[in-house]
Amino acid sequence: MLELYSPSGSEAKLASFLREEMHAKGMNATIDGAGNVIGVLGDQGPRVLLCGHMDTVSGRIPVRLDGDLLYGRGAVDAKASLASMIVGATSAKERTRAPVQITVAGVVEEETSSKGIRALMARNHQYDLAVFGEPSGVSNIVVGYKGNVKLQLSFHTPGGHSASPWLSASSFDEACAFWSTFEHRVLNNSAESKFEAVTGCVTSMVSGGPGNSVPANATLEIDVRIPVAMTSEVLIGQVREFIKQYSTNRKGVVIDLRTLDQTGAFLGSTDSKAISAFRWAIRKVQKGQVALLKKTGTSDVNLFARTQTCPMFAYGPGDSQLDHTEMEHVKVSEYMATVEIYALALSRLAERAQEGEMLPPTAE
């Protein structure tokens with residue numbers, strides 16, 4: 001999978017490869033209109049969705065194995081997670097006679113447009129459990145993600161000649177001044193944790209014009225991350241009000257706001273039967289404690305939660321601090337442990353559902 005370079009929008013070769021691998025492992029596998037590869041095992045029992053993404057950020061990393069470390073673009077984010085889902089699901093079906101329906105989906109464009117998960121949501125299939133393949137670390141489960149709002153701000157001034165810049169307002173200067181004030185007044189970093197804070201940064205800035213002119217136009221793109229307690233609509237309202245108040249003191253400056261994208265935050269249940277099964281499996285394999293994490297990033301689970309009421313969380317091998325870096329790698333031993341954990345947890349869920357019994361409490 002790592003050798004098949006698959007930046008967002010270029011997942012077709014990997015999808016074809018995975019469809020054949022799924023077929024070989026006994027799955028009914030297809031590629032849908034969006035380019036997602038979907039493999040299904042079983043047609044009775046609890047309905048489980050295991051969803052990973054095939055795409056990566058751009059930038060090739062030579063694939064190499066160095067002892068226990070496997071390097072390559074997507075090793076952490078998130079081909080190891082998707083691979084462990086495919087192999088773990090197959091192993092679970094081999095280990096138990098209890099009925100269970102497992103759908104493994106490799107979706108496209110998670111890193112950009114979320115086209116893949118939106119197509120999966122449009123199928124309107126309801127599940128009893130959804131697990132998303134993201135790097136949590138083998139002994140951790142991610143139960144929360146912040147939401148995000150992507151904004152574009154355009155600054156317009158009359159401009160002027162660069163020989164006398166003191167006579168004209170510069171859109172570049174206005175954009176910089178705006179961001180400095182916005183960062184202090186709108187972004188709230190005083191919360192007890194970064195998960196509860198409103199945070200953000202400038203992701204792009206464009207300004208300029210003829211070489212002898214004071215810039216008359218500038219554009220900022222801002223990515224703001226919001227906590228569970230705040231909706232994207234509230235954040236956008238606060239930004240509009242801030243622009244209105246800020247503009248009263250900036251004569252000759254016009255500021256336009258455009259919302260590029262918005263996704264609400266997600267916080268899942270921490271005491272579901274599914275969480276219990278995975279915590280039990282992790283302790284059995286890793287012989288240690290299990291941590292439930294809340295991340296400051298945003299993933300496909302945020303969108304999927306809009307249409308589903310089932311328990312959902314993220315789990316997969318790897319250190320998320322290596323996401324999108326030139327040193328991206330995963331421990332093979334951690335990947336293998338994750339495969340075993342998926343197999344144990346899924347077979348345990350199927351057996352408990354067949355028996356009609358409650359799973360052990362999460363405090364076990």
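No value in this document is a laboratory result; all are computed from the given coordinates. All figures in this text were calculated on a predicted structure; none of them were measured in a lab. Neighbour counts are summed over all protein chains in view; Cβ atoms, including those assigned to glycine, are modelled from backbone coordinates with ideal geometry.
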Original post:
Straight-line reach from K294: which aspartates and glutamates have Cα under 20 Å away, leaving out those fewer than 8 places along the same chain?
Top reply: D77, E110, E111, E134, E192, E196, D223, D271, D319, D323
Original post:
Which entries in the list K13/K79; K150/K194; K146/K284 go over 23 Å, if you measure between the two C-alpha atoms of each?
Top reply: K146/K284
**OP:** Would you mind telling me which residue in S193, S272, S16 has the biggest mean-square fluctuation in a Gaussian network model of the chain, where springs connect alpha carbons within a distance under 10 angstrom?
**Re:** S193
Original post:
Separation of the stretch 214-241 and the stretch 299-317 by C-alpha centroid, Å?
Top reply: 25 Å
Subject >> Charge-dipole axis of the chain as Lys and Arg at +1 and Asp and Glu at -1 on Cβ define it, positive-most pick from G356, A122, M230 >> reply: G356
Subject >> Using a Förster distance of 22 Å, the FRET efficiency for R97-R123 (Cβ separation, nearest 0.05) >> reply: 0.20
**OP:** Take L267, L260, L129, L4 and order them by how many other Cβ atoms sit within 10 Å, fewest up front.
**Re:** L260, L267, L4, L129
Original post:
Using Cα pairs under 8 angstrom and six or more residues apart, how large is the relative contact order of the chain, in percent?
Top reply: 25 percent
Subject >> Positive-pole candidate from T181, T325, L69, dipole of the chain, charges at beta carbon >> reply: T181
Original post:
What per residue convex hull volume, in Å³, comes out for the stretch 127-194 when only alpha-carbon positions are used?
Top reply: 192 Å³
**OP:** Can you tell me the dipole magnitude for the chain around its Cα centre, using point charges on the Cβ only (Lys, Arg +1; Asp, Glu -1), in Debye to the nearest 20?
**Re:** 440 debye
Original post:
Which value, in debye to the nearest 20, describes the size of the charge dipole of the stretch 147-263 about its Cα centre when Lys and Arg Cβ atoms bear +1, Asp and Glu Cβ atoms bear -1, and nothing else is charged?
Top reply: 220 debye
Subject >> Percent of alpha-carbon pairs separated by more than 20 Å within the stretch 147-263 >> reply: 43 percent
Original post:
How many nm separate the modelled label positions at S193 and T181, each set 7 Å beyond the Cα in the direction of the Cβ?
Top reply: 3.5 nm
**OP:** Express as a percent, rounded to the nearest 5, the fraction of DSSP beta bridges in the chain (both residues included) that run antiparallel.
**Re:** 70 percent
Subject >> Fraction in percent of alpha-carbon pairs per bin - 10 Å, the stretch 15-57 >> reply: 26, 54, 18, 1
Subject >> Computed E for K287/L69 - FRET, C-beta separation, R0 30 angstrom, nearest 0.05 >> reply: 0.85
Subject >> Lys, Arg +1 and Asp, Glu -1 on Cβ, resulting dipole of the stretch 206-358 about Cα centre, debye, nearest 20 >> reply: 440 debye
Original post:
Do you know the relative contact order of the stretch 147-263, to the nearest whole percent, from alpha carbon pairs under 8 angstrom that are 6+ apart?
Top reply: 44 percent
Original post:
Across the stretch 41-94, how large is the tail of the calculated P(r) beyond 16 Å, expressed as a percent of all Cα pairs?
Top reply: 54 percent
Original post:
Based on the Cα atoms of the stretch 114-159, what semi-axes does the equivalent ellipsoid have, where each is the square root of 5 times one gyration tensor eigenvalue, given in whole Å with the largest first?
Top reply: 36, 19, 9
Subject >> the stretch 98-105 - phi-based ³J(HN,Hα) in whole Hz, Karplus 6.51/-1.76/1.60, Gly and Pro as x >> reply: 5, x, 7, 9, 10, 10, 10, 10
Subject >> Projected area averaged over orientations for the chain, convex hull of C-alpha atoms, nm² >> reply: 20.9 nm²
**OP:** Find which of L292, I38, S139 sits farthest along the positive direction of the dipole of the chain, computed with +1 on the beta-carbon of Lys and Arg, -1 on that of Asp and Glu, about the Cα centre.
**Re:** L292
Original post:
With labels modelled as points extended 7 Å from the Cα through the Cβ direction, what inter-label distance (nm, one decimal) is found for Q321 paired with C201?
Top reply: 1.5 nm
